[in-house]
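Below: the structure, in structure tokens.
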Amino acid sequence: MRAVLLFAAVFGLIALTGFLQSWNVALGIINMGLISAIMALGVNLQWGYAGLFNVGIMGFVALGGLGAVLIGMPPVAEAWAAGGARVIGGLLVGLGVIVGAVVLWGRMAPGRARALAMLVLLVAGFFVFRFVFDAGVTAVEAVNSATQGYLGGLGLPILIAWPVGGALAAAAAWAIGKTALGLRSDYLAIATLGIAEIVIAVLKNEDWLARGVKNVIGLPRPVPYEVDLQQSEAFLQRTAEIGADPVLASSIAVKLGYSALFAVVLVVLLWLAQAALASPWGRMMRAIRDNEVAAEAMGKDVKARHLQIFILGSAICGLAGAMMTTLDGQLTPSSYQPLRFTFLVWVMVIVGGSGNNLGAILGGFLVWFLWVQVEPIGIWLMETLSAGLSEGSVLRARMLESAAHMRLFTMGILLLLVLRFSPRGLIPER
Amino acid sequence: MIDFLNGLVALLNFVVIPATAYGAQLALGALGVTLIYGILRFSNFAHGDTMAFGAMSTILVTWLLQGWGVSLGPLPTALLALPFGIAITALLVLGTDKLVYRFYRRQRVAPVILVIVSMGVMFVTNGLVRFIIGPDDRNFADGARFLISARDFREITGLDEGLAFRTSQAMTIVTAVIVVAALFWFLNRTRTGKSMRAFSDNEDLALLSGINPERVVTITWVIVAALAAVAGVLYGLDKSFKPFTYFQLLLPIFAAAIVGGLGSPIGAIAGGFVVAFSEVTVTYAWKKVLEYWLPGPLEPDGLVQLLSTDYKFAVSFAILVIVLLFRPTGLFKGKSV
């Protein structure tokens, strides 16, 4: 009952936005709210079910976005011809060296000889890798660098990119989980913080992969373009019947199309998550979370279960990342900010109610709504407060300028208040 | 021989001096993290933003002093403003402790909850800093720029390579040595410092022997505020002040603290230098030094840069992963809660 009321309240707020501002803004909030809710579901899986503290959400989201580029964009044939083989060869060499090092470490007897052999292999491998890889990168980036200069993708339908984005994130999560899980909880936090920064650094610098800071724009869409709708006879007829402005109607129709796609994904994931929670597996996860020692004594493999759920949760974040990049139609590595992607999602999970899937979804919508609306409210507040000051006053200008930074402040206060007075969130775990 | 000296000077100029200054800044930051971990038993994610806050309050006081025409001659005015910056930062952290952390400490919640709480504090501090000073770059270094400039050095020694020693770098190293010496004297020699170490080693025993936990916590926060403000100001003088870069410093700082062993002050210092030297050596283009040292035919064509400077985070991360894999308690046995 409480959940129904809360959801009604949040959607009431969004509807109010529609009436007071515009339906375009309201639908924008709903679309990003759906994506945020999916991210929150993923984090809730890790934190709420298993008590794993992941602060690398941004990295997994960005990997999902990379997936969208690698699947959706058409391949650049010239770049492949120029240096594709060398780039791929270089990557294979790099992978081979790492696998070789791991095998060597396992096979040789511990001692000085092993450390030395490992060091030689890694250093020599690094130089071979750079030798093969660098020339390929230069060749690829030289191809038509103003508009392309990268290998491009596979040119497949963008919807395929969503699960692929999830798979990329899952692979990264596996590597991180292997090293940091099983140690202290803080270590996982720091390691994920690190991997997120590295993913962003790779996206920004490896131009051959996704054009770096030059951004990939014009990703294919799963829904029609506004311009095409405005020229289609059937659509114009329909808008004329309800007496709507075709330009506005087309943009709303496109947004609704996205909403429907995202809603389907969210509902499927929610159903899966609820089923998992109710299953013996879900009970085992919560048992592990509440008392690791007891669960281990019962014969549960705590580390393996943690790895499993860490990968699942990260994959969901990657999926959401691919969806977000699809919605934006572009991949802009410089727009990935940890405060926006990692910590905001945490606010969503904590505020909504950790351990409760509906709570996470509610938190996703509510916090995203606040994130969007705090700025206009802040500006309005500052204008009212500084109304008495003269138009050219420095203080007034400063106050209006600082309103833009209200967001972080408000989110922090919100998080602290919820943690203090309602630590179980708006919809607590049952 | 001259070639060898030239190479050595280039190495000093581009690797050793910058890495030492950076290492000192990281060590001061890591000391703060490690003290909080030892006494309050959680990883403080707000530490980077506490550093930013300390630097910001120092900058504001510096501007005020500059407005009054006060200066320290060749030394940056910020040095004079630093005590005020420390005091303001101490007020901030004591305020957050009273309003936020104390409640959870009384409840004896799991450390991970405190980490999440510190995340909230991080948001608020970050918002506060952006609110007050804005998100842009601020350069507040004044006074003499160089202790020895590259040209002077060339004229004095007659070498081709110049050695530039900036005032900010010299100041960083000197200040760091003073601060660390004072900290260790305090921890090892004074009664309060000993009670802090006792509290860190075994909380229950310390409580039994009559140590007042609230007092220990308060003193810890004040020391941490001082360390954070000093580290923040030194970093800001050396590079420049931008709120976001302080948040990003969190990773190398934590890497340094973990490499040294969380909870171990000596470890934090060692870790800071390990991380700084690896970062600088791996991202430095060695061509210049190797040109002097290697005979003609072996001279490299490329830059001999192992990784581009944009990947400096990857270096801290790699060190972190190596330590986690092979020695999770760090170089100096830290805690493992």
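The values are calculated or read from the model by the stated rules, or taken from the named source; none is laboratory data. None of these values were measured; they are calculated from a predicted model. All Cβ positions, glycine included, derive from the backbone under ideal geometry; neighbour counts span all protein chains shown.
Side notes on the structure shown:
- Selection count where residues are touching a Gly at 6+ places or on another chain (Cβ under 8 Å) and either assigned to a helix (DSSP H, G or I) or within 12 Å of another protein chain (Cβ to nearest Cβ) (or both), scope segment A:346-356: 7
- Residue match in segment A:414-428 (condition: among the β-branched types (Val, Ile, Thr), within 8 Å of chain B (Cβ to nearest Cβ), part of a helix (DSSP H, G or I) and surrounded by 14 or more Cβ atoms within 10 Å (Cβ to Cβ)): no
- Answer from A:VAL132, A:VAL99 - the residue that is touching a residue at least 40 places away in the same chain (Cβ under 8 Å), more than 10 Å from chain B (Cβ to nearest Cβ), in a helix (DSSP H, G or I) and not polar (S, T, N, Q): A:VAL132
- Applying the criterion of being surrounded by 15 or more Cβ atoms within 10 Å (Cβ to Cβ) and among the polar types (S, T, N, Q) to the residues of segment B:309-332, the residue that is modelled with the lowest pLDDT is B:THR329.
- Residue tally, condition part of a helix (DSSP H, G or I), free of Cβ contacts under 8 Å to residues at least 12 places away in the same chain and out of contact with any Gly (no Cβ under 6 Å at 6 or more places or on another chain), over segment B:129-156: 5
- Whichever residue in segment A:177-200 is among the hydrophobic types (A, V, I, L, M, F, W, C) and in contact with a Ser or Thr (Cβ under 9 Å, 6 or more places away or on another chain) and, among such residues, is surrounded by the fewest Cβ atoms within 10 Å (Cβ to Cβ): A:LEU183
- A:LEU319 being surrounded by fewer than 21 Cβ atoms within 10 Å (Cβ to Cβ), aliphatic (A, V, I, L, M) and on the phi < 0 side of the Ramachandran plot: no
- Within segment B:231-264, if we keep just the residues that are under 19 Å from B:ILE173 (Cα atoms) and out of contact with any helix residue (DSSP H, G or I) (no Cβ under 6 Å at 6 or more places or on another chain), the residue that is farthest from the other protein chains (Cβ to nearest Cβ) turns out to be B:SER240.
- For A:PHE235, the criteria (1) away from chain B (no Cβ under 13 Å); (2) of a type outside the set (A, V, I, L, M); (3) outside any helix (DSSP H, G or I) hold in every case but one, which is (3).
- Residue selected from segment B:126-141 under the condition more than 8 Å from chain A (Cβ to nearest Cβ) and either within 21 Å of the chain's Cα centre (by Cα) or of a type outside the set (A, V, I, L, M, F, W, C) (or both), by the criterion surrounded by the fewest Cβ atoms within 10 Å (Cβ to Cβ): B:ASP136
- Where helices (runs of 4 or more DSSP H) fall entirely within segment B:160-277, those with at least 1 residues that are surrounded by 15 or more Cβ atoms within 10 Å (Cβ to Cβ) and free of Cβ contacts under 8 Å to residues at least 40 places away in the same chain are at B:167-189, B:191-201, B:203-208, B:213-238, B:243-248.
- Here the helices (runs of 4 or more DSSP H) wholly within segment B:1-118 that include at least 2 residues being at pLDDT 90 or above are B:17-40, B:47-68, B:78-96, B:102-107.
- Of the residues making up segment A:183-218, just one is outside any helix (DSSP H, G or I), charged (D, E, K, R) and within 7 Å of chain B (Cβ to nearest Cβ), namely A:ARG184.
- Residue satisfying condition, being more than 10 Å from chain B (Cβ to nearest Cβ) and closer than 30 Å to B:SER43 by Cβ, within set A:ALA180, A:ALA170, A:ALA139: A:ALA170
- Annotation: A:VAL93 fulfils all but one of (1) assigned to a helix (DSSP H, G or I); (2) under 30 Å from A:MET323 (Cα atoms); the unmet one is (2).
- For segment A:322-338, a tally of residues being assigned to a helix (DSSP H, G or I) and buried (at least 19 other Cβ atoms within 10 Å of the Cβ) returns 8.
- Subset of segment A:280-316 [more than 16 Å from A:GLY182 (Cα to Cα) and surrounded by 19 or more Cβ atoms within 10 Å (Cβ to Cβ)]: A:LEU312, A:GLY313, A:SER314, A:ALA315, A:ILE316
- Of the residues examined, A:ASN215 is not one that is of a type outside the set (A, V, I, L, M), under 30 Å from A:PHE53 (Cα atoms) and touching a Ser or Thr at 6+ places or on another chain (Cβ under 8 Å).
- Residue among A:ALA276, A:ALA263 that is more than 14 Å from chain B (Cβ to nearest Cβ), small (Gly, Ala, Ser), under 20 Å from the mean Cα position of the chain (by Cα) and part of a helix (DSSP H, G or I): A:ALA263
- Top-ranked residue of segment B:291-306 - restricted to ones that are hydrophobic (A, V, I, L, M, F, W, C) and at pLDDT below 80, ranked as surrounded by the fewest Cβ atoms within 10 Å (Cβ to Cβ): B:LEU298
- From A:GLU383, A:GLU375, residue being acidic (Asp, Glu), within 14 Å of chain B (Cβ to nearest Cβ) and without any contact (Cβ under 8 Å) to a residue 40 or more places away in the chain: A:GLU375
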